[in-house]
Structure formats: C-alpha cells, structure tokens
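S.K.: Right, I'll just put the structure down here and ask away after.
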Amino acid sequence: MQSKIFVGGLPWQTTSNDLVEYFQQYGSVIDAVVVKDQATGRSRGFGFVTFLEPSSVTKSVTAPPHSILGR
C-alpha cells in the first residue's frame, strides 16, 4: 500500500529530484512532485512524496526537523 505525504515550505528552486534524493533515506520513493504555478511555471513552495511502504511515512514524520536545500 502506497502512502503520500505533503511537504511544505520548500525553497523555490527545489526540484522533484531533490525531494527524491532527500526522502529516499526513509524508504523507497515511488513519486515526488513539486507543485508549480501554471501561469509562471515557478514552484509554489510545496509538493508531495509517495512512498512504497507506509512505514516510510512514519519514519519521515518522526525524524528531526527536515532541511531541504537549506530551508
């Protein structure tokens, strides 16, 4: 069963690849999306990560504060 988490407060330059690279330390990531503004193509500062296993979600949300690209 797959499990998805919301990731907010992302730096504008964050890519989906950045999310995969960061969150794979908690388990197998099968999808990562940074949501972008349709008009400008610029990041809206949030995204979603989908893990293969629900236990990966537990690991990621109980971990110390996260920092992706310095934020």
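S.K.: Using +1 at the C-beta of Lys and Arg and -1 at the C-beta of Asp and Glu, which of Ser16, Gly41, Leu52 has the Cα lying farthest in the positive direction of the dipole of the chain?
M.R.: The residue sitting farthest along the positive end of the dipole is Gly41.
S.K.: I'd like the Karplus ³J(HN,Hα) series for the range 55-63: coefficients 6.51, -1.76, 1.60, θ = phi - 60°, whole numbers in Hz, and an x wherever there's a Gly or Pro.
M.R.: Here the 3J(HN,Hα) series is 4, 5, 5, 4, 4, 6, 7, 9, 6 Hz.
S.K.: So, one more: First compute the accessible area of the chain with a 1.4 Å probe, then give the percent of it belonging to carbon and sulfur atoms.
M.R.: 52 percent
S.K.: What number comes out for accessible area per residue over the chain if the probe is 1.4 Å? Units Å², please.
M.R.: So the chain comes to 64 Å² accessible per residue, rounded to a whole number.
S.K.: Could you report the accessible area of Lys36 in Å², rounded to 10, computed with a 1.4 Å probe on the protein chains as they sit in the structure?
M.R.: 120 Å²
S.K.: Any chance you could list the semi-axes, whole Å, largest first, of the equivalent ellipsoid that the Cα gyration tensor gives for the chain, using √(5λ)?
M.R.: Semi-axes, largest first: 21, 13, 9 Å.
S.K.: Using modelled amide H (1.01 Å from N, peptide plane; none on Pro or chain starts), what sits under 5 Å from the amide H of Val35, excluding residues fewer than 5 places away?
M.R.: Arg44, Phe46, Gly47, Phe48
S.K.: Gap in Å between the Cα centre of the range 1-15 and the Cα centre of the range 26-64?
M.R.: Going from one Cα centre to the other spans 3 Å.
The values are calculated or read from the model by the stated rules, or taken from the named source; none is laboratory data. As the structure is a prediction and not an experimental result, all values here were calculated from the model. Heads up, the Cβs are rebuilt from the backbone with ideal geometry, glycines too, and the neighbour counts pull from every protein chain shown. Note: areas computed on protein heavy atoms with side chains; ligands, DNA, RNA excluded. Shrake-Rupley method; radii C 1.70, N 1.55, O 1.52, S 1.80 Å.
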